[in-house]
Amino acid sequence: MTLKKSIKMTFVLAAALSLLTCGSGKKEKIQVVILGFDGANWPTIDPLIAAGKLPFLKQLKETSAWADFKTDKPTKSSVIWTSIATGKTMKKHGILDFTYLKDNNLEVPFSNSEKREPSLWQMLDRFGMRSVVINWYVTYPPDQFNGVMVSDRFRQIIIKKPEFANDYVDTVTPGMDFYRLKKVIRRDYGRTIERIGMPDFIKLFKKINPGKDVRKSFTLQNSRTFVMQDALIEDVTDTLFKSKQADLYLTYFRLPDIVQHLVLRLFDDEYIKSTFPEGETWNMSVEKQHEVIGRISQELEPVYRYMDRLLQKYLNDPKFKDAYFFIMSDHGFSLYPGGYNHYDLPKDMEAPPGILLVKGPSVKPGKINACIYDIAPTILYLFGLPVDRNMDGRPLQDVFKLSRKLKYSLYSLDKNKKKVRNQAADREAIEELKALGYIN
Ligand SMILES: [Zn+2]
């Protein structure tokens, strides 16, 4: 063998060896997908599972770690979803509830520029990791980080004429993705409800309450927009989940909450009057409560069936074969003397829990205890990253067969990436909140 040849051979051998060691010693690549469904709860899901209406959710619950997801007061979606993403309480993260502001004579409005603590995607950014964030609560103006953010203002584009669509260019970062997403917008309401299997709630209402005015309920009056917005978010999620490589994916759907806010309008007046008698003390028997929840659950069937199909689609996606899924809601709903709601409940009533399902390669199935503040530390732990010492929850270590060394650190917002408020968007958001009854 000539010297030249033997050097060549050594080189080839070394290259092969390095490939081998790289392959066997390769660090496992963790991928996490968070799917949010506002207001979803077990008391209305379980009867549908039992009736065989939600086949995917049924087997998912049997094979996942799941919880009555403990939430906190004030049970307002903006506050809670921000707590889920930061692992911190309202007073720390600064996205405050309006009732709290009023009671304390504060005047801090409601915008992502007021957020004081980093969300998961900003914590991951510190380690050069990528996130795709879609429609998460209080994300406008969108954050600057390694990844893509479709803020919760983007969905408003569905009610604008196509020629004004570009007014929404600042709702997505990077801006280039806005132009790609603009192409997935489908504006035909009739085809949309057929596609996603939703009834027309206004028609349902008119059938049950002939001659009554839909405008008495903001949620009902705007139900077509809310339905179109979630269908749009499905299209956006499909597009970005497929085309973007990331470590963390988050997306959020709102319909379970919306339909529960209007569901009592789908019952006739007599039933409502006898179920929630005015001026009388609240003494609804447990049996009666079961009956009312059962009726509500039946009305929610199309919404949960839609959720069932979304879950099936994303969990069966070959791209996410080895991913960890966190499926959750921010709160449930409670029957109370005034009706059915998740806020403004009597003081002694607990915040109604949401749902949590954790599914993944090393997840142990079964019931667990978990609260909204546990999600952020659990995901950091799963990625092998330090947990923030200032978080109000704990990593759910027992959920996994794998075990990692717990490390701690402090995370803060990058001041160089400060966002600027948009006054017009603030006004729109405040009008919508007023109409939903969140503020007076
Ligand atoms: Zn909510």
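Odds and ends about this structure:
- Segment 47-88-segment 208-279 distance, computed between alpha-carbon centres (Å): 17 Å
- Placed amide H near ASP392: partners under 5 Å, 5+ positions off or other chain: LYS88, THR89
- Amide H contacts of VAL148 (H built 1.01 Å from N, under 5 Å, at least 5 apart or other chain): SER131, VAL132, VAL133
- Sequence-separation-based contact order of segment 121-273, relative, with Cα cut under 8 Å and 6+ spacing, percent: 28 percent
- On the beta carbon distance between ARG126 and LEU402, with R0 = 25 Å, the FRET formula returns roughly 0.65.
- Couplings 3J(HN,Hα) for segment 343-353, derived from phi with the Karplus relation 6.51 cos²θ - 1.76 cosθ + 1.60 (θ = phi - 60°), are 9, 6, 7, x, 4, 7, 8, 6, 5, x, x Hz, where x marks Gly and Pro.
- Seen from all directions on average, segment 193-243 presents a Cα convex hull projection of 3.9 nm².
- When the alpha carbon gyration tensor of segment 207-316 is reduced to an equivalent ellipsoid, its three semi-axes come out at 35, 17, 11 angstrom, largest first.
- Using a cutoff of 8 angstrom between alpha carbon atoms and counting only pairs six or more residues apart, the relative contact order for segment 28-435 works out to 32 percent.
- Rounded to whole Å, sorted largest first: equivalent-ellipsoid semi-axes of segment 256-370, Cα gyration tensor: 34, 17, 11
- Here, segment 28-435 is characterised by an Rg to Rh ratio of 0.94, where Rg is the alpha-carbon radius of gyration and Rh the Kirkwood radius.
- Length added when fully stretched, ASP344-HIS290, from 0.36 nm per residue minus Cα-Cα: 17.3 nm
- Under the Karplus curve 6.51 cos²θ - 1.76 cosθ + 1.60, θ = phi - 60°, whole-Hz ³J(HN,Hα) for segment 290-301, x wherever Gly or Pro sits: 4, 5, 5, 4, x, 5, 4, 4, 4, 5, 7, 3
- Links that overshoot a 29 Å alpha carbon limit, given the list LYS70/LYS242; LYS321/LYS415; LYS182/LYS313; LYS319/LYS364; LYS92/LYS405: LYS70/LYS242; LYS321/LYS415
- Phi-derived couplings, Karplus 6.51 cos²θ - 1.76 cosθ + 1.60 at θ = phi - 60°, listed residue by residue for segment 396-404: 7, 4, 5, 6, 10, 6, 6, 9, 10 Hz, with x used for Gly and Pro.
- ASP188 paired with LYS29, simple spin-label distance in nm, labels 7 Å along Cα-to-beta-carbon: 3.9 nm
- Using a cut-off of 18 Å between Cα atoms, the listed pairs LYS91/LYS115; LYS212/LYS288; LYS367/LYS401; LYS29/LYS401 include LYS212/LYS288 as exceeding that distance.
Throughout, read-outs are computed from the coordinates displayed, never taken from laboratory work. Model, not experiment: these values are computed from the prediction. In this analysis, Cβ positions are derived from the backbone assuming ideal geometry, glycine residues included, and neighbour counts consider all displayed protein chains.
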